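Just below is one structure, and these are the notes that go with it.
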């Protein structure tokens, strides 16, 4: 994948689906993203819940920026907002061209401190809070993926 001397660029964004997405539509989006990202050496994760997306992309800067350009033009979503764009020391999702986790609505009231929406990623004026929340999401996703093996 990425050589140790290559700089890794990471973008975290959120957006709204223009229509409710079925499991089949999400599966198609994921297959398309995986193929495109593998060709560009881009890795990351995608979360979808209640018509909202949050995605982390990482890889060579030009490839990530080109991928973001394609995403910005994609009619399946709107209201795209870049939450974080930064250079990072290493990939968080090196083993995935695109990880995906559908998030179901909880059946019971969530415990204190449980993140059940993406709203705080956009509503908070503190960029460091956004960065912490995005890192929490990425850690959660990686832990879940290892537990499901």
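Listed values, structure above:
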quantity: Check on residue 93, closer than 12 Å to residue 8 by Cα and outside any strand (DSSP E or B); calculated: yes
quantity: Sole residue being surrounded by 15 or more Cβ atoms within 10 Å (Cβ to Cβ) and part of a strand (DSSP E or B), chosen from 47, 26; calculated: 47
quantity: Leading residue by the ranking (nearest to residue 91 (Cα to Cα)) among those in the stretch 38-55 that are under 15 Å from the mean Cα position of the chain (by Cα) and modelled with pLDDT of 90 or more; calculated: 43
quantity: Test: residue in the stretch 104-121 that is outside any loop (DSSP other than H, G, I, E, B), touching a helix residue (DSSP H, G or I) at 6+ places or on another chain (Cβ under 6 Å) and modelled with pLDDT of 60 or more; calculated: no
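The values are calculated or read from the model by the stated rules, or taken from the named source; none is laboratory data. Keep in mind that this is a model prediction, so the values were computed, not measured. Don't worry about glycine lacking a Cβ; one is built from the backbone with ideal geometry, like all the others, and counts go over all protein chains shown.
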